[in-house]
1. Tally the residues that are out of contact with any helix residue (DSSP H, G or I) (no Cβ under 9 Å at 6 or more places or on another chain) and either closer than 20 Å to Tyr154 by Cα or in a helix (DSSP H, G or I) (or both), restricting the search to the stretch 104-120.
2. Within the stretch 156-178, work out how many residues are more than 14 Å from Leu208 (Cβ to Cβ) and acidic (Asp, Glu).
3. If we keep just the residues of the stretch 200-217 that are touching a residue at least 12 places away in the same chain (Cβ under 8 Å) and touching an Asp or Glu at 6+ places or on another chain (Cβ under 7 Å), which is surrounded by the fewest Cβ atoms within 10 Å (Cβ to Cβ)?
4. Going residue by residue through the stretch 11-33, is there one that turns out to be of a type in the set (S, T, N, Q), crowded, with 17+ Cβ neighbours inside 10 Å, out of contact with any Ser or Thr (no Cβ under 6 Å at 6 or more places or on another chain) and under 22 Å from Arg162 (Cβ atoms)?
5. Just to be sure I understand the filter: pairs with C-beta atoms under 6 Å, separated by 6 or more residues or on different chains, first member in the stretch 152-178 and free of Cβ contacts under 8 Å to residues at least 40 places away in the same chain and not assigned by TED's automatic domain parsing to the domain that holds Ala40, second member of a type outside the set (A, V, I, L, M, F, W, C) and surrounded by 19 or more Cβ atoms within 10 Å (Cβ to Cβ). Which pairs pass?
6. Answer yes or no as to whether Lys101 is over 30 Å from Glu158 (Cα atoms) and either basic (Lys, Arg) or modelled with pLDDT under 90 (or both).
7. Considering only residues that are at pLDDT 85 or above and touching a helix residue (DSSP H, G or I) at 6+ places or on another chain (Cβ under 7 Å), look in the stretch 39-52 and name the one that is farthest from Gly94 (Cα to Cα).
8. Can you tell me which of Gly56, Gly33, Gly94 is at positive phi, in contact with a Leu (Cβ under 9 Å, 6 or more places away or on another chain) and part of a loop (DSSP other than H, G, I, E, B)?
Amino acid sequence: MRVLVIEDDRKVASFIQTGLEQEGYSVDVLNDGSSAGEQARTIDYDAVVLDLMLPGRSGFQVLRDIRSRKAALPVLILTAKDSLEERVAGLDAGADDYMPKPFALAELSARLRALLRRGAPRESVLRVGDLEMDTIRRKVRRGDTAIALKPKEYALLEFLMRNSDRPVTKALIIEHVWDIHFDSISNVVEVHINSLRNKVDKGFEVALIHTLRGVGYVLTDTPSS
């Protein structure tokens, strides 16, 4: 899952980013509203956390930009403005939820999960062969074996499962599982793929994660010809 955080307070933005990344989200951060609307419209985000009081362009302007092209993209407003009028204005402008500051990260995360479940149709349980992922409980099993994954391993496996039987490039994985500032020269994708193979494929008769030389990777239970 990829989330855009638009927050001018760098400490708050870093706090949110660190907390969500620990839960396996890929998080991009912008500290002003100047290009926020355009970035939210052009990059494939799963949700947006939006402050209202932004330099450059206000949160309301950014929200209108987002809604002009992505009516279904979940947007959670996070702001120090907590009057009834502000909450009504934010929701009327197209926000899906509204949280006042200060806030608890656990509640923010829970609200994001609720918005993601409520938003564009997505299976809550993913299956490829005998591999099963419950995205609500964040549990993974292969057959009768429970598989414990680190947050980035989970995020990578979810992306592969949502794109099962379709080749995905390293660049596409980086875009959706890591953030926009990630060093594409790094071998971290290969490292995480190998780690997943040790947990998902090792000891099982059928390997599900395959390398496509010169292309990328594919997760499939269909034997290669």
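1. Number of matching residues: 9.
2. Residues that pass the stated criteria total 1.
3. For the stretch 200-217, the residue satisfying everything is Val206.
4. Residues of the stretch 11-33 of a type in the set (S, T, N, Q): 14, 17-18, 22, 26, 31.
If we keep only those that are crowded, with 17+ Cβ neighbours inside 10 Å as well, we get 17, 26, 31.
Adding the requirement that they be out of contact with any Ser or Thr (no Cβ under 6 Å at 6 or more places or on another chain) leaves 17, 26, 31.
Those still in the list that are under 22 Å from Arg162 (Cβ atoms) too: 26.
Among the residues of the stretch 11-33, at least one is of a type in the set (S, T, N, Q), crowded, with 17+ Cβ neighbours inside 10 Å, out of contact with any Ser or Thr (no Cβ under 6 Å at 6 or more places or on another chain) and under 22 Å from Arg162 (Cβ atoms), which makes the answer yes.
5. Phe159/His176
6. Values: over 30 Å from Glu158 (Cα atoms): yes; either basic (Lys, Arg) or modelled with pLDDT under 90 (or both): yes.
Answer is yes for this residue.
7. Of all residues in the stretch 39-52, those at pLDDT 85 or above come to 39-40, 45-52.
Still in the running and touching a helix residue (DSSP H, G or I) at 6+ places or on another chain (Cβ under 7 Å): 40, 46-52.
Working: Ala40: 14, Asp46: 16, Ala47: 13, Val48: 12, Val49: 13, Leu50: 12, Asp51: 14, Leu52: 13 Å.
It comes out as Asp46.
8. Values: Gly56 fails: in contact with a Leu (Cβ under 9 Å, 6 or more places away or on another chain); Gly33 fails: at positive phi.
One residue alone meets the criteria, Gly94.
The values are calculated or read from the model by the stated rules, or taken from the named source; none is laboratory data. What you see is a predicted model; the values in this text were computed from it and never measured. Virtual Cβ from ideal backbone geometry, glycine too; neighbours counted across all protein chains shown.
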